[in-house]
1. I need the calculated FRET efficiency for the pair residue B:133 and residue B:57, taking r as the beta carbon distance and R₀ as 30 Å, to the nearest 0.05.
2. What length, rounded to one decimal in nm, is gained on full extension from residue A:307 through to residue A:322, with 0.36 nm per residue of separation minus their alpha-carbon distance?
3. Using only atoms on other chains, find how many Cβ atoms lie within 10 Å of each Cβ of peptide A:649-656 and report the average.
4. Could you pull the Cα extents of the protein assembly as shown along its three principal axes, largest to smallest, in whole Å?
5. Over the range A:4-124, one equal point on each Cα, no solvent: what is log10 I(q)/I(0) by the Debye formula at q = 0.12, 0.17, 0.18, 0.23 Å⁻¹?
6. At a 10 Å Cβ-Cβ cut-off, how would you order A:516, B:39, fewest neighbours first?
7. Taking the simple approach of a point 7 Å from Cα along Cα-to-Cβ for both residue A:519 and residue A:58, what is their distance in nm?
8. When the Debye formula is applied to the Cα atoms of the range A:546-674, each taken as the same point scatterer, what base-10 log of I(q)/I(0) results at q = 0.13, 0.22 Å⁻¹?
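Coordinate-derived values only; no laboratory data. Please read all numbers here as calculations on a predicted model, not as lab measurements. Please note: Cβ atoms are built from the backbone with ideal geometry, for glycine as well, and neighbour counts cover all protein chains shown.
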């Protein structure tokens, strides 16, 4: 089957299911007794198995299959959730992720999963200490207990057809005595008896493994026979060194055929199969009530298409502007009315298109819980990660860029922020450290905060290092506020860890985080109290494609200054301008702010008549300010950010361009370049 | 530049600068616009031959004046002045030319490597010359004419 056309869908969905798996596994770790969670994981693994088998990725199918078996055993209380079991399942899901990524990158999706499969098999076979719950059997015939048996469609069909033709289908579980010496021989004897009685269609473990004695002390055989259960059981029990034999009819949860009454057996550990057909399972009402996720009414759209849509819409906006001016000229009532309606509708359309490009920040956050869990283990620390506001939406373009800086910050918080359990107890704090990741909207910005209750920034140590590295001089160091000191750790060439760890000390410091965030038009700040913890705050623009600007005029040219950089606008008198070292400055609310004449920088020419008053825009970059002199302000506007293209790479003090309502191009001022 | 089609002719767009005719492959040309219908936004701090950017159907496209680029005397733009929009590998650029109104097939054997002196146009910009009947066409090496402009710094000011 040509599956190429489904590949993209397969990848997307696989990732989604793996993500669901991971999330639920973390949940399960917290609530090991909540079987509804196990059901969720099972469902995800099951779907993944089906998809990968269809696409021909056998290793994925194989591994998910084993995972599913283990989950099913958990689901049916055959084995209890322990952290060692979860570790193996986590590892499996990591391996699955690797394989999916491999496929995405054009690989074959093959990976040696033998070790994991073996481990899963062992868990499933009950080799884990708390494994088999045998005591509660006996009365549990009516319950849906499930063993490791999974029937594929073919086997199900065989069983149901045989039943229709008057055969019996039994699952025979044989438990050998612990002191049994020749397991393989006993297996052979059991098989010999069974083969005379009917046809064996399935065994667990596989025949090969049974022959090689690769099983613990029990195995299960599915047989189709004319004989009845008691007869068969009696025959099998004649084999010596047998602890017991249990027999029961094959059952499918979907009940495609009549379920015979369960045979009596002294101690039973009845085995029922997980259902292969998802559709049928979904149809069962009890299952549905367990499901917490309802199907989303969404479709997948390639981001490129949204970009095209956006571009087309921008052209429409430009034409709308023209139409408006024509209508204003012609003064035709009908034309005016139509134009107004069109303006309103296109305004709504703009909101919708912009919203379509928004993605919940969850898509970035959801990989963190697992990362934190792993890191905490590696570092031997106890850390609880709280995520607040994962539903906060950000433009796709920002989302794509923000992942790595956040990973860096979290690693930093875990490694350098939160102390080891012993230190925490000594400091009178709870043993478990808390790291909170918070996202929220405020105005035109999205804030992402990372707060930890760790050691905070050690002022003396940071200053010492900063002076050593020549980042600040000793004189200046004295005058710095705590906040300024904390922010020193963002300077390039800074690393406070005494020893380099592979968690967060690999030579690239937090300065990379800072520059990435600034390149996104964002801003990062740190607040820290020694001994109480730190708060890293990242401020990001809602979107990179539409920004709010102040349009300013210089002679005949119009420039746009991003509102995110603007503190305020002011009109100053010539007498307010002071001279300091060849640099003109103004006194702005008690601060000395350098004056930058944009008309000189951009060569627009100065007004012919000397001005009495000057219009200035006060902009900031971090803590530094500058006052940009322009001819006049036009007003505030939302604009679509466009790049100047690859021909004009890095033009001084310009970050891009936009198309105004009249179709003209206006340039966007890069305030960061104007402030030293 | 010298990709020859199967029947050994190259389709070119021919344009005029001063009194000389130049040719570029038709494949790289996206469209030809009338300059007077366009509003050019000047960009500060770039070489003088970059006249600015225009809004080309929603795309911000830089414009290069080829007369400036080739150090030819400037001329007022008039009704004949055209902007030829070319798509290079990584970017689109508009070229301001005096006139553009011809498409000519250049046979492969008519293309010669450039003679020692071709007017005042610097040799690195020229890929070759072709003589078609009595016309001499200069094939341009656009990759050299349109090298990306980078690191234009504050010292420009």
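1. E(calc), rounded to 0.05, equals 0.25.
2. 3.1 nm
3. Mean inter-chain Cβ contacts per residue within 10 Å come to 6.
4. Rounded to whole Å, the extents work out to 113, 79, 66 Å.
5. Results for the range A:4-124 at q = 0.12, 0.17, 0.18, 0.23 Å⁻¹ read -0.38, -0.76, -0.85, -1.33.
6. Ranked by crowding around the Cβ, least crowded first: B:39, A:516.
7. 4.4
8. -0.53, -1.42
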